[in-house]
Amino acid sequence: MSYQLSYEADGRLVISGLECGCPCEHNEPAQDIYVGSGVLDNIARCIRRRNLGDRCVLVADNITWEVAGRRTFELLTADGFNVTPCVIRRDAPMEPDERAVGEVFLTITADTQFLVSVGSGSITDTVRVNAKRIGLPMVCVGTAASMDGYTSSVCPLTLRGIKIHREGKCPEIIICDLDVLRTAPMEMVCSGVGDVLGKYIAKVDWIIGSIINDEAYCPTCGEIVTDAVNKLVENVDEIRSRSEKGMRILIEALLLAGITIMIIGHTRAVASVEHNIAHYWEMMQMMNGRKAPQHGAAVGVATLLVWPLFTRFAQEDLSKLDLQALKAKRQTRAEREKWLVHAYGEEAAASIIRENECDFLTWEEQERRIRRAQERFDQIRECIASLPPLEDIRGAMARLGAQMTPADCGVEEPLLNLSMHCAKDYRSRYTLFKTLDECGLLEEYLKDYPIDWQA
Ligand SMILES: [Zn+2]
Ligand SMILES: [Zn+2]
C-alpha cells in the first residue's frame with residue numbers, strides 16, 4: 001500500500017506509485033489538475049495540451065468574473081481562442097438553479113467545443129450539468145478552496161427551490177491558482193476546512209462498514225485522505241493567514257479527497273453521516289424558504305456533533321445487549337415509512353425508500369450485524385481510537401473563526417434534533433449511527449436531542 005504525491009514544473013499534480021492490495025478496482029485519475037501560484041497564466045497551454053478545441057463558453061458570476069473570469073477571458077482570447085462569456089448576474093449569492101443552468105445552456109451554440117467554469121461550488125455545478133447533458137469537455141478555474149466538489153461528477157442543484165442531485169461531468173482540467181484562492185473570503189476558507197474535517201468521520205464509518213458488512217475498504221484511499229486532513233489540522237495558522245502554503249494545504253486536501261472518488265469510483269472516503277446531517281439542514285432550510293447553511297460549514301459543525309457518539313461507543317459493553325428484547329421492539333416496515341415521511345416529507349421520503357431498498361432489515365440480518373459488532377468490537381474500538389482528540393479539531397475550527405454550532409449555521413433546535421435522529425436513514429451507506437440503531441442504543445445516545453415522535 002503506497003502512493004506518491006508530487007508536482008511537475010508547471011504545477012500539475014501527480015499521484016503516482018499507487019499500489020494497493022485491497023479488493024477495490026483502482027483507476028489512475030485522468031484529469032489534469034494544476035495547483036500553484038500563477039498557474040492560471042498557463043491556461044491556454046493546458047487546454048491546447050488536451051486538444052479541447054478553439055471555441056468555448058466561459059461561465060462566471062458577477063463576483064468571480066472580477067476575481068478571475070475577465071483575466072481568463074483575456075488570456076484565452078490573446079491565445080487565439082474564440083470565447084463567449086456567460087456572466088450570471090445576481091444581486092444575492094448565485095444559486096445553481098434552473099435559471100442559471102438555463103443561461104449557460106442558451107449561451108452554448110452548435111459549434112461550442114468546450115466549457116470553462118470560473119468559480120467555486122455553485123458555478124462549477126451549473127456548468128458541470130450542462131457539460132454532461134450536452135457532452136462537452138470542461139475546464140474548471142477554481143476561485144475558492146471552499147468544498148471538495150471540483151473533481152466530482154455529481155452536482156447538487158436547486159429546482160423550484162428544492163435541492164436535487166444530477167449527474168455532472170468531472171472537468172478534464174482543473175486550475176487552482178493559489179493567488180486567486182487566497183483572495184476568497186475567510187467564510188469560504190472555513191467552509192473548505194469544515195468539509196475536510198468531516199473526512200475523519202467518513203473514514204471511521206467506512207472501516208466500521210468493512211467490519212460489520214464486509215464492505216471493501218481501500219487503505220490507500222483512506223491514507224491519502226488522512227494524510228491530507230492531518231496536515232491541514234497541523235497547519236491551521238497558515239490557513240488562517242491565507243498564506244500560499246496554507247492555501248496549498250487546504251486545496252490539496254479538498255482535491256485529494258475528490259481524487260479518491262476517481263480512484264475507487266465512489267464517495268466512501270469523503271462523505272458519511274456528517275454529510276447526511278449537513279444535507280438534511282440544507283434541504284429542510286430551503287424547503288422552509290430559509291437560507292441554507294454553507295455546505296462545508298455545515299459539515300464541520302455536524303462533525304463536531306457526531307464525534308462524541310463515536311468516542312462514547314468505543315467505551316460500550318455490547319455483551320449486555322438483550323437480543324430478544326431488541327427483536328421484540330423492532331420497528332415494522334410501515335412504522336419506518338411513517339417515520340421517514342415525518343422526518344423528510346412525502347417526496348424525499350419516497351425517494352429515500354426507493355433508492356435504499358435494503359435499508360429495512362430482516363431480523364436475521366439485524367441479528368447478524370449485532371453479533372458481528374460484538375465479535376469484532378476490538379476492531380471497532382481500535383478504529384475509533386485512531387481519531388485525533390476532538391479538542392484538537394474544535395480548537396482548529398475556533399482558531400479559524402469557523403462556525404462551531406448549529407445556531408451559527410442558522411439551524412434551530414427542532415431541526416437539529418430531528419436531523420440527529422434521521423441521519424441514519426438518509427441512505428444505506430453504513431455508519432456508526434446504523435450500528436447504534438441496530439443495537440438499540442441510538443435513542444439513549446441521542447437523549448439530549450429530544451423529538452416529538454410516536455409511531
Ligand atoms: Zn462535502
Ligand atoms: Zn485500495
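Some notes on this structure:
To keep it simple, each residue is scored yes or no on (1) in contact (Cβ under 8 Å) with a residue 24 or more places away in the chain; (2) within 30 Å of residue 454 (Cα to Cα).
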site	(1), (2)
369	yes, yes
375	no, no
381	yes, no
385	yes, no
420	yes, yes
430	yes, yes
438	yes, yes
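- Pairing each residue of the range 143-156 that is in a loop (DSSP other than H, G, I, E, B) with any residue that is within 16 Å of ligand 2 (Cβ to nearest atom) and of a type outside the set (A, V, I, L, M, F, W, C), provided the two are 6+ apart or on different chains, yields C-beta distances under 9 Å for 152/267.
- Identity of the residue in the range 1-18, touching a residue at least 40 places away in the same chain (Cβ under 8 Å) and of a type outside the set (Ser, Thr, Tyr), that ends up farthest from ligand 2 (Cβ to nearest atom): 13
- Taking helices (runs of 4 or more DSSP H) as the structural unit, those lying wholly within the range 355-400 and holding at least 1 residues that are more than 27 Å from the chain's Cα centre (by Cα) and over 15 Å from residue 212 (Cα atoms) correspond to 363-375.
- Given (1) outside any helix (DSSP H, G or I); (2) modelled with pLDDT under 95, index of the condition residue 217 fails: (2)
- Test: residue 90 is farther than 30 Å from residue 345 by Cα and basic (Lys, Arg): yes
- Complete set of residues in the range 264-297 that are within 16 Å of ligand 2 (Cβ to nearest atom) and surrounded by 23 or more Cβ atoms within 10 Å (Cβ to Cβ): 268, 269, 270
- The criterion of being away from ligand 1 (no atom under 16 Å from the Cβ) and either at pLDDT 95 or above or in contact with a Leu (Cβ under 6 Å, 6 or more places away or on another chain) (or both) does not hold for residue 142.
- Of the helices (runs of 4 or more DSSP H) lying entirely inside the range 261-343, those containing at least 1 residues that are within 13 Å of ligand 1 (Cβ to nearest atom) are 273-287, 295-313.
- Qualifying residue in the range 21-28 (condition: surrounded by 14 or more Cβ atoms within 10 Å (Cβ to Cβ), within 16 Å of ligand 2 (Cβ to nearest atom) and of a type in the set (A, V, I, L, M, F, W, C)): yes
- Top-ranked residue in the range 187-206 [being within 15 Å of residue 409 (Cβ to Cβ) and more than 12 Å from ligand 1 (Cβ to nearest atom); ranked as surrounded by the most Cβ atoms within 10 Å (Cβ to Cβ)]: 190
- Test set (1) part of a loop (DSSP other than H, G, I, E, B); (2) closer than 28 Å to residue 178 by Cα; (3) not acidic (Asp, Glu) - residue 233 fails condition number: (1)
- Cross-chain or 6+ apart pairs with Cβ under 9 Å, the range 19-48 first and under 20 Å from residue 80 (Cβ atoms) and part of a strand (DSSP E or B), then within 14 Å of ligand 2 (Cβ to nearest atom) and aliphatic (A, V, I, L, M): none
The values are calculated or read from the model by the stated rules, or taken from the named source; none is laboratory data. All figures in this text were calculated on a predicted structure; none of them were measured in a lab. Every residue, glycine as well, gets a Cβ built from its backbone with ideal geometry; the counts of neighbours run over all protein chains shown.
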